[in-house]
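A.B. asks: Following this message is one structure expressed as structure tokens.
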Amino acid sequence: LKDAHALLTRQLRRAQISVESLDDATRKWLETVDATYKDFDDDRRMLERSLELSSQELMGANAELRALLSERNEAERRMELLHAERLEAASLLAAGVAHDFNNLLTVIAGSNAAMMKVTAEEDPRYELLGQIAMAANRAAALTRQLLAFSRRQALKPKVIDLNQTIRNLAPIFRSLLGDKIELRSSLDPTLPFVTADPTQIEQVVLNLVINACDAMPKGGRLLVETARASRGEAQLSAGAASTYVRLSVRDTGCGMSAEVKARIFEPFFTTKNTGKGTGLGLSTVYGIVHQSGGSIAVDSETGKGATFRVYLPETKDTAPTITSLTAK
Ligand SMILES: Nc1ncnc2c1ncn2[C@@H]1O[C@H](COP(=O)(O)OP(=O)(O)OP(=O)(O)O)[C@@H](O)[C@H]1O
Ligand SMILES: [Mg+2]
């Protein structure tokens, strides 16, 4: 029994020692785990801090960007206002000049007609009087153009088929373009009608074609195209029509620099020789298009030709009230 007791005691101590060393190992292991966890926690905290910092930086950059954007919008708005003011000033001037001019013309043409009546046709002065009459007629046409530009002439909107307008103008295009410029057209047969003043729309098309022609003195190609377009493409804000008709006039001419492009819609801006250009063509076009609820865009680079795109709101009417200027 004594022996058994001693054996048991020894075994018990041995077990106690192993438990103690196990305890030790466990403690050490736990310490390692704790240390690792602490490291991990430190890392996590650092990561969180840098994340917080970068998100703050991001927010700062975002605010800066937003400020820049609103500044840009403001500048754009001011530019537009300036453009509108200049157009208005030029319009007033044009209207004033046209008015006085018209009065003078009435006197000139009236007196001339009276003189022609009392002059025999075989009298050499008769021919001179005829020339005065012709010049007065031309001056009257110029006055009408000035009045159209000044927009004092009320628009007479009609439902028109733009494709038909272009077809009617084709003979005039051909005589303008001569034989060095190839004319191509691509007219969308499903094109909806538009509501606009037909005389003015013909003016728009003609001005664009004449400019294209001037840009190709050595010849080239002119493409006149019609197609449907969305409001987004027309870059018009909500409230306007939802679908548009696009008229593109593209040439393979000299194109224009960014500086010229920025100014082409300004009244009296021209790069053409004095006597050749008045610089009123595109400002007239701009006025007509905007007054008709549309927009105009240009795409051009020096030496790479130019494309003008005119957007006009589609009308719900299904039949044109007029087919051409000449078919009044
Ligand atoms: N298709 C084009 N290609 C290259 N430049 C063009 C084109 N259309 C217009 N421009 C430039 O825009 C300027 C202004 O055009 P706008 O039609 O207003 O006046 P203009 O043609 O010079 O004069 P006007 O129309 O009175 O004869 C032109 O002088 C020219 O520099
Ligand atoms: Mg022109």
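The values are calculated or read from the model by the stated rules, or taken from the named source; none is laboratory data. If you're wondering where the values come from, they're calculated on a predicted model, not measured in any experiment. Neighbour counts run over all protein chains shown; Cβ positions are idealised from the backbone, glycine included. Note: areas computed on protein heavy atoms with side chains; ligands, DNA, RNA excluded. Shrake-Rupley method; radii C 1.70, N 1.55, O 1.52, S 1.80 Å.
A.B. asks: Look through Arg246, Arg250 and report the one residue that is more than 20 Å from Ala84 (Cα to Cα), within 12 Å of ligand 1 (Cβ to nearest atom), surrounded by 14 or more Cβ atoms within 10 Å (Cβ to Cβ) and of a type outside the set (Asp, Glu).
C.D. replies: Only one candidate qualifies: Arg250.
A.B. asks: Separate question: Can you tell me which residue among Arg86, Arg77, Arg72 is in contact (Cβ under 8 Å) with a residue 60 or more places away in the chain, part of a helix (DSSP H, G or I) and surrounded by 10 or more Cβ atoms within 10 Å (Cβ to Cβ)?
C.D. replies: That would be Arg86, the only listed residue that is in contact (Cβ under 8 Å) with a residue 60 or more places away in the chain, part of a helix (DSSP H, G or I) and surrounded by 10 or more Cβ atoms within 10 Å (Cβ to Cβ).
A.B. asks: Let me ask another. From (1) under 30 Å from Asp188 (Cβ atoms); (2) part of a helix (DSSP H, G or I); (3) not aliphatic (A, V, I, L, M), pick out the condition that doesn't hold for Lys156.
C.D. replies: (2)
A.B. asks: I would also like to ask the following. Under the condition of being open to solvent by 100 Å² or more (accessible area, probe 1.4 Å) and not basic (Lys, Arg), which residue from region 35-51 is nearest to Val285 (Cα to Cα)?
C.D. replies: Leu51
A.B. asks: Restricting attention to region 212-232, report how many residues are surrounded by fewer than 16 Cβ atoms within 10 Å (Cβ to Cβ), away from ligand 2 (no atom under 16 Å from the Cβ) and of a type outside the set (Lys, Arg).
C.D. replies: Going through region 212-232 one residue at a time, the tally reaches 3.
A.B. asks: From Ala141, Ala89, Ala114, which residue is farther than 30 Å from His290 by Cα and of a type in the set (A, V, I, L, M)?
C.D. replies: It is Ala114.
A.B. asks: I want to confirm something. Restricting to region 253-267 and keeping residues that are small (Gly, Ala, Ser) and within 16 Å of ligand 2 (Cβ to nearest atom), which single residue is surrounded by the most Cβ atoms within 10 Å (Cβ to Cβ)?
C.D. replies: Keep residues of region 253-267 that are small (Gly, Ala, Ser), which gives 253, 255, 257-258, 262.
Those still in the list that are within 16 Å of ligand 2 (Cβ to nearest atom) too: 253, 255.
Working: Gly253: 24, Gly255: 18.
Only one residue tops the list, namely Gly253.
A.B. asks: Which residues, taken from region 268-319, are within 13 Å of ligand 2 (Cβ to nearest atom) and among the small types (Gly, Ala, Ser)?
C.D. replies: Gly277, Gly279, Gly281, Ser283, Ala306
A.B. asks: For region 164-194, how many residues are surrounded by 14 or more Cβ atoms within 10 Å (Cβ to Cβ), modelled with pLDDT under 90 and touching a strand residue (DSSP E or B) at 6+ places or on another chain (Cβ under 7 Å)?
C.D. replies: 2
A.B. asks: Search region 281-303 for residues being farther than 12 Å from Ala234 by Cα and among the aliphatic types (A, V, I, L, M), and hand back the single one that is nearest to ligand 1 (Cβ to nearest atom).
C.D. replies: Leu282
A.B. asks: Limited to region 258-267, what total is found for residues that are farther than 21 Å from Glu202 by Cα and within 9 Å of ligand 1 (Cβ to nearest atom)?
C.D. replies: Residues of region 258-267 farther than 21 Å from Glu202 by Cα: 258-263.
Filter once more, so that each one left must be within 9 Å of ligand 1 (Cβ to nearest atom): 260-261, 263.
Adding up the residues that qualify gives 3.
A.B. asks: Read through the list (1) without any contact (Cβ under 8 Å) to a residue 60 or more places away in the chain; (2) touching a helix residue (DSSP H, G or I) at 6+ places or on another chain (Cβ under 9 Å), then give the number of the only condition that Ala196 fails.
C.D. replies: Unmet for Ala196, out of (1) without any contact (Cβ under 8 Å) to a residue 60 or more places away in the chain; (2) touching a helix residue (DSSP H, G or I) at 6+ places or on another chain (Cβ under 9 Å): (1).
A.B. asks: List the pairs whose first member sits in region 258-283 and is in a loop (DSSP other than H, G, I, E, B), whose second member is of a type in the set (D, E, K, R) and within 8 Å of ligand 2 (Cβ to nearest atom), and whose Cβ atoms are under 7 Å apart, counting only residues at least 6 apart or on separate chains?
C.D. replies: Cβ pairs passing all conditions: Lys272/Asp214.
A.B. asks: Among the residues of region 202-211, are any over 29 Å from Ala141 (Cα atoms) and open to solvent by 20 Å² or more (accessible area, probe 1.4 Å)? It would help to see each step written out before you state the result.
C.D. replies: Filtering region 202-211 for residues over 29 Å from Ala141 (Cα atoms) gives none.
Within region 202-211, not a single residue is over 29 Å from Ala141 (Cα atoms) and open to solvent by 20 Å² or more (accessible area, probe 1.4 Å).
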